[in-house]
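Below: one structure, written as structure tokens.
The values are calculated or read from the model by the stated rules, or taken from the named source; none is laboratory data. As the structure is a prediction and not an experimental result, all values here were calculated from the model. All Cβ positions, even for glycine, are placed from backbone atoms using ideal geometry, and neighbour counts span all protein chains on display. SASA here: full protein model, heavy atoms, side chains in, ligands and nucleic acids out. Shrake-Rupley method; radii C 1.70, N 1.55, O 1.52, S 1.80 Å.
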Amino acid sequence: MTRKILMLPGDGIGPEIIAQAARVLAACQTHGLDVEIDEGLVGGSAYDVHGEPLPAETLTKAKAADAILLGAVGGPKWDNIEDISKRPERGLLGLRKELGLFGNLRPALLYPQLAEASTLKPDVVSGLDIMIVRELTGGIYFGQPRGIEERDGQRVGFNTYVYSESEIERIGRVAFEMARKRECRLCSVDKANVLEVTMLWREVMERLAEEYQDVELSHMYVDNAAMQLVRAPKQFDVIVTGNMFGDILSDAAAMLTGSIGMLPSASLNENKQGMYEPCHGSAPDIAGQGLANPLATILSVAMLLRYSLDEPVLAEKIETAVGLVLDQGLRTADIASEETDSVSTEAMGDAVLAAFESLYQA
Ligand code: NAD
């Protein structure tokens, strides 16, 4: 059956990195991948044309797709749009909400070839391979009531941190299943010593653990988890946590690997429909200069193939090709050391394609 992929390049470096990922997808098509690929507008580029960051046409295409590959959105050009519902980032939030993409998978994997690029000592991070499972459509970012209002003669800002048992259970299941495919160790991060909502979180995780007896469940308070991530990150296999804690911890974990330009991500709903994107933003400071690292986006294609299209062999070939290119010493500027010359976005794409093809000739 022909599956549908929607590509949304977005803003800034988005179109440049998506162009390289599209070449990799095309190569997969020549090796048997049966997909129909469409494109759409999102973010600032959609606002410029339609006055909306998520035009109805894009949403319709997104709903019909098996998977979405997104570049990045945002940039200074749109920072001053007064109506915040029209800002580029709202396009992303809208897609997550409309498609019910509650499960965010963010791997923090350090390619051994890049151990020197981390700000942490190589022996602390080399071999690092963590999967952070973050709840993406609930928690304090969406809880009601919220707002800023006048109380007793001064302004007060407030948000609501709320999770239902069913929301906790469905993200818990994603995490337990993920742990099963890896080292069967799951660390649930909460603040159960202070927040009732995370007391419930812990209780639900404990209950689920009875169903997944092969997975070793542990709990950690979020402040300790932040400390442990920089002290001894290799202790973790899979981490599961709520929206806000996951937002912060996954960025910290990303930096352990040296470059945000290397990290893919997936956001899935209950039907395995997913949106795949690099963890970084639209990097307006380097947009249009051929400097962007396309590897996070290319690795997002691998995740897309693995999690939404059930094509683990192609996914693995892409990941192997990226490893081969790093072995050859190719580096874009963000991961180059002072001694190595850096290559352009397109040259990196060329090298990944050549390495990918070489795997079929071996
Ligand atoms: P950013 O990730 O875009 O950039 C941070 C730094 O990392 C910059 O110096 C940039 O040049 C560099 N960088 C990022 N990706 C790179 C790549 N692939 N190759 C080489 N270098 C790379 O974060 P920011 O500067 O805080 O945000 C810029 C814009 O992106 C903002 O408008 C922000 O709202 C938006 N943003 C979008 C997303 C998204 O689309 N998912 C995520 C974060 C930020």
Please build a GNM for the chain, connecting alpha carbons under 10 Å apart, and tell me which residue among S118, S337, S300 fluctuates the most. S337
Could you state the orientation-averaged shadow area of the convex hull built on the Cα atoms of the range 1-65, in nm² to one decimal? 4.4 nm²
For C184, tell me the accessible area in Å² from a 1.4 Å probe, rounded to the nearest 10. 40 Å²
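Counting only C-alpha contacts under 8 Å and six or more residues apart, can you give the relative contact order of the chain as a whole percent?
On the way: 750 pairs, mean separation 75.4, N = 362.
Taking the mean separation of contacting Cα pairs over the length of the chain, I get 21 percent.
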Heavy atoms only, probe 1.4 Å: what % of the accessible area of the chain goes to carbon and sulfur, would you let me know? 50 percent
Gap in Å between the Cα centre of the range 24-75 and the Cα centre of the range 327-362? 26 Å
Could you check what % of the DSSP bridge pairs in the chain are antiparallel, to the nearest 5? 45 percent
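Taking R0 as 51 Å, what's the FRET efficiency between F158 and S358 from their Cβ-Cβ distance, rounded to 0.05? Let's see the in-between values first.
On the way: r = 57 Å, r/R0 = 1.12.
Step by step, r from the Cβ atoms, then E = 0.35.
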What net charge do the residues around Y47 carry, taking every other residue with its C-beta under 10 Å from that of Y47, with Lys and Arg at +1 and Asp and Glu at -1? +1
Can you list the equivalent-ellipsoid semi-axes of the range 107-265, largest first and in whole Å, using the square root of 5 times each Cα gyration tensor eigenvalue? 29, 21, 12
If I take the Cα coordinates of the range 308-362 and project them onto the principal axes, what are the three extents in Å, biggest first? 39, 27, 17
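Find the accessible area per residue for the chain; the probe is 1.4 Å, ligands and nucleic acids are left out, and the unit is Å². Mind dumping the intermediate values first?
Numbers: 15970 Å² over 362 residues.
Solvent-accessible surface per residue comes out at 44 Å².
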Counting just the Cα atoms, what span does the chain cover along each of its three principal axes? Round to the nearest Å and put the largest first. 64, 49, 47
Considering Cα pairs under 8 angstrom that are at least six residues apart, work out the relative contact order of the range 1-96 and quote it in whole percent. 39 percent
Using helices alone, what [θ] at 222 nm do you get for the chain, with -39,500 (n - 2.57) per DSSP H run of 4 or more residues, divided over all residues and rounded to the nearest 500? -13000 deg cm²/dmol
Quick calc: nm separation of the 7 Å Cα→Cβ label points for E39 and Q213 -> 5.4 nm
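Summing Lys, Arg as +1 and Asp, Glu as -1, what charge do residues with Cβ under 14 Å from the Cβ of Q289 carry, Q289 excluded? Before the final figure, lay out the partial values.
Details: positive: none; negative: E16, D285, D334, E346.
So the surrounding residues net to -4.
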Output the Cα-based Rg and Dmax of the range 1-109 in Å, rounding Rg to one decimal and Dmax to a whole number. 14.5, 47
Go through 215-226, 303-314, 267-278 and give me the packing order, highest mean Cβ count within 10 Å leading. 267-278, 303-314, 215-226
